[in-house]
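Worksheet for the structure shown next.
The values are calculated or read from the model by the stated rules, or taken from the named source; none is laboratory data. Since we're looking at a predicted model, the values are computed, not measured. Cβ placement follows ideal geometry from the backbone for every residue including glycine, while neighbour counts extend to all protein chains displayed. When the accessible area is computed, the model is the full protein with side chains, heavy atoms only, and any ligands, DNA or RNA have been set aside. Shrake-Rupley method; radii C 1.70, N 1.55, O 1.52, S 1.80 Å.
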Amino acid sequence: MEVNDNKLFAEKWGRTIKSKGGDEFSIFVPPGQKPCTQRQFNFYYYHKLIDKLIAGRSYRNSIEFGCGRGTFSIYLNLYNNYRVNLFDLSETGVNLARANFALHGASGNFFVADSKNVPVVDNQYDLVVSMGLLEHQTDYPETLKEMYRVLKPGGMLITMNIPKKKSVQVLNDIYKKILRIFNKKIEIRKDYFRITDKPENFLRNAQIVGFKNCRIIHANPFPIFTPIPRWLEKLLTLGYRTIMVIRGLYRKEVMATGPRLAQCHFLIGLK
């Protein structure tokens, strides 16, 4: 990850901890509930996608690289009963993850580390996950090597990557420009650094590291609109959930989509 981005993420997590708001202190959806915000919607359905990938396997533990809020590890702990381990380069990010775990009654093992030099012995985990990490690293194959090293033989790699590309998210850029016409005070925040590698580049690098049976799933044709009022956030999320119900009538994986609209892709591989 670029040095400036490390600082930006640390500042973001720090603001979130302090305010318990900002970019949403927690985006986890507890069992029995439904997502009410766009970010909750994304992670809720990302978990549904990954839940199908790990179903039927005798996996019991996981490690999350670049955990941030720790949302996905909370899903694995509370929905899948995994023993979860998670780390971030930012101590502030780890503190936010701890606060989220405490909020939802989840349990996990936390530490601060560089994803290219993880203080873990070889062959420790059944599942390695990361949610939006590799695209911030120009040298992400080094992180892939560590992911491979800490996985047990037969273990699975699942990374969600959001490289810089044109996607359905361009609709939010148009929305913000329209808002600025009527309100000059609206801040259009610059995006974090992202590499431009295509999904096939991620897949090829995973294969070079040693992962087998690698594949890509293009996902998420739903843009996130910001800033919007809370009532509209809930209404928009309800609309997205309704679309997912309809997609479920004719699609095996409701979050999967074509590469042109996809906000992200999932890279899956086995050791």
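Residues that are under 25 Å from Leu203 (Cα atoms) and either among the aliphatic types (A, V, I, L, M) or within 16 Å of the chain's Cα centre (by Cα) (or both) within the range 94-120 comprise Ala113, Ser115, Val118, Val120, listed in sequence order. Each residue in the range 19-77 was checked for being aliphatic (A, V, I, L, M) and within 14 Å of the chain's Cα centre (by Cα), and 6 pass. Summed over the range 38-52, residues that are open to solvent by less than 30 Å² (accessible area, probe 1.4 Å) and either more than 17 Å from Cys264 (Cα to Cα) or not in a helix (DSSP H, G or I) (or both) total 0.
Scoring Ala219 on the criteria (1) open to solvent by 10 Å² or more (accessible area, probe 1.4 Å); (2) under 30 Å from Tyr82 (Cα atoms); (3) touching a residue at least 40 places away in the same chain (Cβ under 8 Å) leaves a single failure, condition (1).
Of the numbered criteria (1) closer than 28 Å to Arg230 by Cα; (2) modelled with pLDDT of 55 or more; (3) open to solvent by less than 60 Å² (accessible area, probe 1.4 Å); (4) not β-branched (Val, Ile, Thr), the one Phe9 fails is (2). When the test is whether a residue is of a type in the set (A, V, I, L, M, F, W, C) and open to solvent by 90 Å² or more (accessible area, probe 1.4 Å), Val168 does not pass it. Picking from residues in the range 66-105 that are open to solvent by 20 Å² or more (accessible area, probe 1.4 Å) and of a type in the set (A, V, I, L, M), the one that is nearest to Val150 (Cα to Cα) is Leu89. Of the listed requirements (1) small (Gly, Ala, Ser); (2) in a helix (DSSP H, G or I); (3) open to solvent by less than 10 Å² (accessible area, probe 1.4 Å), Ser130 misses just one: (2).
In the condition set (1) in contact with a strand residue (DSSP E or B) (Cβ under 8 Å, 6 or more places away or on another chain); (2) under 20 Å from Arg204 (Cβ atoms); (3) not acidic (Asp, Glu), Val150 is compliant with all but (2).
What do you reckon, is Ile162 farther than 15 Å from Ile63 by Cα and in contact with a Cys (Cβ under 7 Å, 6 or more places away or on another chain)? If you could, list the steps in order and put the result at the bottom.
Details: farther than 15 Å from Ile63 by Cα: yes; in contact with a Cys (Cβ under 7 Å, 6 or more places away or on another chain): yes.
Yes, satisfied.
When restricted to residues that are out of contact with any helix residue (DSSP H, G or I) (no Cβ under 7 Å at 6 or more places or on another chain) and either of a type in the set (S, T, N, Q) or free of Cβ contacts under 8 Å to residues at least 60 places away in the same chain (or both), the range 92-110 contains 6. Within the range 177-191, one or more residues are over 28 Å from Ile268 (Cβ atoms), within 22 Å of the chain's Cα centre (by Cα) and not aliphatic (A, V, I, L, M).
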